[in-house]
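Since the structure comes first, as structure tokens, the remarks are kept for the end.
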Amino acid sequence: MTPLIVIRPEPGCSATIAAARQMGLEALGFALFSITSKGWDPAAAEDFDALLIGSANALRHGGKCLVQYAGKPAYVVGEATAAAARDAGLIIAASGTGGLQEVLDRAVHPRLLRLAGEDHVALEPPPGITLTQRIVYASRALPMSAALAKMLAAPAVVMLHSAAAVRHFAAECERLGLDRSQITLVVIGPRVTQAAGPGWRRIGTAAEPSDHALLALAERLCQTAAS
């Protein structure tokens, strides 16, 4: 079976690897990003009704400022973000797997505070909803290791969770002169597929933007990527 390579930052990298290995996949982690906190100016809790959060990183790296929001409703994407929100004392108003815009479209609280990373998807608030945004974390790209470059000389499946990830991975492959035709990509959505560019052995796009859907697709591609 073709190995599965996970490049997302920790702790997500280890979590995805553990889930993949439970499925019987040969999964290996080479994090090509690290997450760092950003100094940010928190909005007063009384100025909004609920939070909008698209990544658990916003809660892991938001700092002590988050304490003032305990007890607020939160709209989140994915169970990992929901769990982090609960740990921060927030009340889950809605959770989804179809992307943050889908969750935002279901919001009933009129004033939302979005906690986001530097690289984030633009959102369109529905009528009657105002959205205030704060950037609370940043993702720093890391160079590809010699060990990963060596692995990618043979057929491999690489899991990619964002457009920023696929752009950085592609740039590192070009910098190191790696043959894209040996590499199959499994990506989290059409936006990431579009950012990948040409020349890969194959690109598979998950049916929905979730780790569960990515792993289901990765399982199939790992069985066929070398054929």
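The values are calculated or read from the model by the stated rules, or taken from the named source; none is laboratory data. Keep in mind that what you see is a predicted model, and the values were worked out from it rather than measured. Every residue, glycine as well, gets a Cβ built from its backbone with ideal geometry; the counts of neighbours run over all protein chains shown. These area figures cover heavy atoms from the full protein model, side chains too; ligands, DNA and RNA do not enter into them. Shrake-Rupley method; radii C 1.70, N 1.55, O 1.52, S 1.80 Å.
If I build a Gaussian network model for the chain, linking alpha-carbon pairs within less than 10 angstrom, which residue out of Val136, Val121, Val67 has the largest mean-square fluctuation?
Comparing Val136, Val121, Val67 in a Gaussian network model of the chain, the most mobile one is Val67.
Using the heavy atoms of the protein chains alone and a 1.4 angstrom probe, what is the accessible area of segment 174-221 per residue in square angstrom? It would help to have the intermediate numbers written out before the result.
Values: 2470 Å² over 48 residues.
Ligands and nucleic acids excluded, the result is 51 Å² per residue.
Looking at the chain, what % of its DSSP beta bridges pair antiparallel, to the nearest 5?
Values: 5 of 39 bridges.
Bridges in the chain that DSSP calls antiparallel: roughly 15 percent.
Hey, if you put +1 on the Cβ of every Lys and Arg and -1 on every Asp and Glu Cβ in the chain, which of Ala116, Ala156, Ala83 ends up farthest toward the positive end of that dipole?
About the Cα centre, the residue reaching furthest to the positive side is Ala156.
Please state the shape class of segment 133-211: rounded when a/c is under 1.5, otherwise prolate if a/b exceeds b/c and oblate if not, all from the C-alpha gyration tensor.
Details: a/c = 2.09, a/b = 1.29, b/c = 1.63.
It comes out oblate by the Cα gyration axes.
State the label only: which of [x] 1.06; [y] 1.35; [z] 1.25 corresponds to Cα Rg over 2.2 N^0.38 Å computed from the shown model?
Among [x] 1.06; [y] 1.35; [z] 1.25, the one calculated here is [x].
Would you mind telling me the share, in percent, of accessible area of segment 38-101 contributed by carbon and sulfur at probe 1.4 angstrom? Provide the component values of the computation, followed by the final result.
Working: 1460 of 2740 Å².
With neighbouring chains kept in place, the figure for segment 38-101 is 53 percent.
Can you send over the solvent-accessible area of Tyr75, 1.4 Å probe, protein chains only, in Å² to the nearest 10?
Solvent-accessible area, nearest 10 Å²: 10 Å².
According to a simple spin-label model (label point 7 Å from Cα along Cα-to-Cβ), what is the distance in nm between Glu124 and Ile92?
2.8 nm
What are the lysines whose alpha-carbon lies under 18 Å from the alpha-carbon of Lys72, with same-chain residues fewer than 8 places away excluded?
The reachable lysines, counting only those whose Cα sits under 18 Å from Lys72, are Lys64.
Can you give the accessible area per residue of segment 1-122, in Å², using a 1.4 Å probe?
On the way: 5340 Å² over 122 residues.
Result: 44 Å² per residue.
Please work out, to two decimal places, the log10 of the ratio I(q)/I(0) at q = 0.11, 0.14, 0.19 Å⁻¹ from a Debye calculation in which every Cα of segment 51-134 carries one identical scatterer.
Once normalised to I(0) and log-transformed, intensities are -0.24, -0.39, -0.75.
Applying a 10 Å radius around every beta-carbon, put 183-191, 56-64 in order of their mean neighbour count, most first.
Details: 183-191: 21.9, 56-64: 20.1.
Ranking the peptides 183-191, 56-64 by packing returns 183-191, 56-64.
So, by mean Cβ neighbours within 10 angstrom, what's the order for 6-12, 40-46 with the highest one leading? If you can, show how the numbers build up before the last one.
Numbers: 6-12: 19.9, 40-46: 12.6.
Listed from highest to lowest mean packing, they are 6-12, 40-46.
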